[in-house]
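> My questions will all concern the structure given below.
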Amino acid sequence: MMISTEQIELIKGTVPVLREHGVALTTHFYSRMLSHNPELKNVFNLGNQGSGKQQLSLAMAVLAYAERIEDPSVLVSAVTKIGHKHVSLDIRPEHYAIVGKHLLASISEVLGDDSFPELIEAWAVAYQQLADLMAGLEKNLYSDAVAKEGGWTGWRPFIVKQKVQESVEIASFYLYPADGGKVADFLPGQYLSVRLLLPELNLFQPRQYSLSSAPNGTYYRISVKKEAGKDPHPSGMISNKLHDAVQEGDVIEVACPAGDFTLDTGKETPVVLISGGVGVTPLLSMLEYLIDTGSNREVVWVHGCRNRNVHAFQEPLTSLGAKHGKLQKHIFYDSLDEQMQVEGYYEGIVDLSRLKEQAVLQDADYYLCGPAPFIKKQFEDLIAMGVSKEAIHYEEFGPANLILS
């Protein structure tokens with residue numbers, strides 16, 4: 001059913017309400033849906049539910065859709081990002097019917113006297129329009145996944161054959177298919193979803209972790225920071241279990257690679273990789289790919305973290321740099337000890353203005369990954385230094401709440 005002009009106006013009329021009460025609406029929605037359909041607790045990240053990040057992310061998405069209801073095509077980038085996340089969680093078309101039922105009921109319940117049948121019908125048509133768009137996109141992503149050699153959909157068991165401590169906070173897990181088959185190639189920058197059973201919750205919980213190595217057809221590597229979440233709060237429970245309980249030889253469930261934050265491998269122009277903390281992981285995959293493929297592209301590596309004890313991949317980065325004649329490195333620590341007071345190391349947070357022409361290269365693409373405040377600062381600094389926003393690509397870990405323009 002096509003949405004009518006009258007229904008478009010009704011949707012647009014809810015924009016002020018969504019701006020003011022969007023989070024209240026989405027909080028009610030998730031509570032309602034997970035109460036009526038508790039099996040979906042195995043799909044949703046309960047850590048993000050507990051922190052409120054998921055509710056805020058959905059509220060922003062609903063608002064953006066309502067504001068652009070006349071031409072949803074302008075949201076193609078955001079929709080694509082969500083579609084990749086859904087495929088990584090094995091979301092299927094039938095799930096949209098469940099979500100739609102509870103979203104419409106929540107709109108009616110939260111609006112109360114301001115709700116009326118014509119408005120709910122307008123939102124029903126609008127939601128179905130979006131659900132059809134998402135399901136179509138995800139169908140193509142699933143088809144692409146199984147078309148690759150070694151590809152699959154759903155959850156596949158993988159063996160942890162190696163577990164390597166990269167810093168005091170970050171460990172790498174080398175994952176091989178338990179069935180002995182191959183693994184599909186991926187684009188540098190993409191991520192995996194892993195799913196573990198949490199007996200304390202009697203639930204499976206999925207989490208996304210960036211692939212931290214170049215594609216190799218044999219194994220996947222993820223590198224996980226041990227978060228500070230405490231029981232029984234689900235935030236950090238998976239990373240803590242991976243660090244403390246999962247050992248070499250154990251089996252975990254993995255979904256196919258996904259994500260649209262990827263290196264443009266068709267270019268020959270310079271690349272500037274800027275990371276904060278564990279945001280280093282997808283950028284390391286990009287760097288490894290460039291070196292493994294013999295690329296002559298000029299590469300600038302900028303990384304910031306608290307100190308060298310938490311600085312992961314120091315030795316691998318040195319080895320990679322030795323193989324690449326055009327790699328320049330700039331490392332920022334919150335504080336430097338005497339051994340680190342050498343060229344290429346800086347005290348304080350990542351500050352691109354201190355690097356100037358060393359970091360801003362003609363025709364370069366810039367890839368940012370780290371916490372949201374880190375990304376926002378680097379984005380704004382690059383714009384101030386004359387970089388076009390089209391040349392800046394970023395990945396925000398967790399639910400997407402950051403909109404930069």
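> Taking only the stretch 359-377 into account, find how many residues are within 18 Å of the chain's Cα centre (by Cα) and within 19 Å of ILE331 (Cβ to Cβ).
Taking the stretch 359-377 first, the residues within 18 Å of the chain's Cα centre (by Cα) are 366-376.
Then keep just the ones that are within 19 Å of ILE331 (Cβ to Cβ); that gives 366-371, 374-375.
Looking only at that region, the number is 8.
> Just one of (1) hydroxyl-bearing (Ser, Thr, Tyr); (2) surrounded by 16 or more Cβ atoms within 10 Å (Cβ to Cβ); (3) modelled with pLDDT under 95 trips up TYR96, so point out which.
The one condition TYR96 does not meet is (3).
> Find the residue count for the stretch 4-42, including only residues that are part of a loop (DSSP other than H, G, I, E, B) and either surrounded by fewer than 18 Cβ atoms within 10 Å (Cβ to Cβ) or charged (D, E, K, R) (or both). Before the answer, list the steps.
In the first step, residues of the stretch 4-42 are kept if they are part of a loop (DSSP other than H, G, I, E, B); the result is 4, 14, 37.
From what is left, the residues that are either surrounded by fewer than 18 Cβ atoms within 10 Å (Cβ to Cβ) or charged (D, E, K, R) (or both) are 4, 37.
Summing the residues that are part of a loop (DSSP other than H, G, I, E, B) and either surrounded by fewer than 18 Cβ atoms within 10 Å (Cβ to Cβ) or charged (D, E, K, R) (or both) in the stretch 4-42 gives 2.
> Something else about it: If a residue counts only when it is outside the structural domain of GLU169 (by TED's automatic domain parsing), on the phi < 0 side of the Ramachandran plot and aliphatic (A, V, I, L, M), which helices (runs of 4 or more DSSP H) contained entirely in the stretch 236-354 have at least 1 such residues? Lay out the reasoning, then the answer.
Details: elements: 237-244, 280-292, 314-323.
Fully inside the stretch 236-354 and qualifying: 280-292, 314-323.
> Within the stretch 218-228, is even one residue closer than 25 Å to ILE349 by Cα, out of contact with any helix residue (DSSP H, G or I) (no Cβ under 6 Å at 6 or more places or on another chain) and small (Gly, Ala, Ser)? Break it down stepwise before answering.
The first filter runs over the stretch 218-228 and keeps only residues closer than 25 Å to ILE349 by Cα, leaving 223-228.
Going one step further and asking which of them are out of contact with any helix residue (DSSP H, G or I) (no Cβ under 6 Å at 6 or more places or on another chain), we end up with 228.
Keeping just the survivors that are small (Gly, Ala, Ser) gives 228.
Looking for residues that are closer than 25 Å to ILE349 by Cα, out of contact with any helix residue (DSSP H, G or I) (no Cβ under 6 Å at 6 or more places or on another chain) and small (Gly, Ala, Ser), one finds at least one in the stretch 218-228, hence yes.
> So, ILE69, is that one modelled with pLDDT of 95 or more, in contact with a helix residue (DSSP H, G or I) (Cβ under 9 Å, 6 or more places away or on another chain) and outside any helix (DSSP H, G or I) or not? Even if it seems obvious, please write down each step before you answer.
Details: modelled with pLDDT of 95 or more: no; in contact with a helix residue (DSSP H, G or I) (Cβ under 9 Å, 6 or more places away or on another chain): yes; outside any helix (DSSP H, G or I): yes.
No; evaluated as a whole, the condition is false for this residue.
> Sort through GLY180, GLY136, GLY154 and tell me the only one that's free of Cβ contacts under 8 Å to residues at least 40 places away in the same chain, closer than 25 Å to GLU94 by Cβ and outside any strand (DSSP E or B).
On the way: GLY180 fails: closer than 25 Å to GLU94 by Cβ; GLY154 fails: free of Cβ contacts under 8 Å to residues at least 40 places away in the same chain.
That would be GLY136, the only listed residue that is free of Cβ contacts under 8 Å to residues at least 40 places away in the same chain, closer than 25 Å to GLU94 by Cβ and outside any strand (DSSP E or B).
> Moving to a separate point now. Which one of these is surrounded by 17 or more Cβ atoms within 10 Å (Cβ to Cβ), under 16 Å from GLU169 (Cβ atoms) and without any contact (Cβ under 8 Å) to a residue 40 or more places away in the chain: SER275, SER239, SER212, SER223? Step through it out loud before you land on a result.
On the way: SER275 fails: without any contact (Cβ under 8 Å) to a residue 40 or more places away in the chain; SER212 fails: without any contact (Cβ under 8 Å) to a residue 40 or more places away in the chain; SER223 fails: without any contact (Cβ under 8 Å) to a residue 40 or more places away in the chain.
So the residue among SER275, SER239, SER212, SER223 that is surrounded by 17 or more Cβ atoms within 10 Å (Cβ to Cβ), under 16 Å from GLU169 (Cβ atoms) and without any contact (Cβ under 8 Å) to a residue 40 or more places away in the chain is SER239.
> So CYS369 passes all but one of these: (1) assigned to a strand (DSSP E or B); (2) surrounded by fewer than 21 Cβ atoms within 10 Å (Cβ to Cβ); (3) in contact (Cβ under 8 Å) with a residue 60 or more places away in the chain; (4) of a type outside the set (Asp, Glu). Which condition number does it fail?
(2)
The values are calculated or read from the model by the stated rules, or taken from the named source; none is laboratory data. Small disclaimer: the values here were computed from a predicted structure and weren't measured. We place every Cβ from the backbone using ideal geometry, glycine too, and count neighbours over all the protein chains shown.
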